[in-house]
1. Given H placed 1.01 Å from N in the peptide plane, which residues other than close sequence neighbours of Asn43 have an amide H under 5 Å from its amide H?
2. Between rounded, prolate and oblate, where does the range 1-129 land on the alpha carbon gyration tensor, with a ≥ b ≥ c its root eigenvalues, rounded for a/c under 1.5, else prolate if a/b exceeds b/c?
3. Roughly what would the spin-label model give for Arg37 and Ala25, points 7 Å off Cα along C-beta, in nm?
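Derivation of every value follows stated rules applied to the coordinates shown; laboratory data play no part. These numbers were taken from a predicted model, which means no experiment stands behind them. Note that each Cβ is placed from the backbone with ideal geometry, even for glycine, and that neighbours are counted across all protein chains shown.
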Amino acid sequence: MQMLYRLGADAVLVLHVSYVAFVLAGFLLTLIGIVARWNWVRNIWFRGLHLAAILLVVAESLLGIICPLTIWEKQLRELGGETAYSGDFIARWLHDLLFIEAEPWVFTVCYTLFGLAVLATCVFAPPRRGTTRRPANS
């Protein structure tokens, strides 16, 4: 049973890293897409989910709430018999990539500035409900 908890903790960590990757890569791709005039970066669903994802992080940070994924992973690791963060290689690497040592206010400032940057992309390159297609030349 402990192995299942450890695997569950690893799965939560992968989900957590994927969430962070979506926020970071989504922003980078949006910036590139604005310059390159990629229509898909103006997709209202993509931009709405991306903005909601970073706003959730900013809200948690401003309210002093620990991310539920962090809590869940920690609980699963404890149930799996792990006292310290001693998962397998991939789990350890992903954990070290995700969690950095700094004062809490540093993260709040970074999350807020990043959230404002994402919001700015919505102002300067607003999302659209659909893409307009040019008629094919006859």
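1. Arg128
2. Prolate shape, in that a/c is at least 1.5 and a/b is the bigger ratio.
3. For Arg37 paired with Ala25, the spin-label model returns 2.7 nm.
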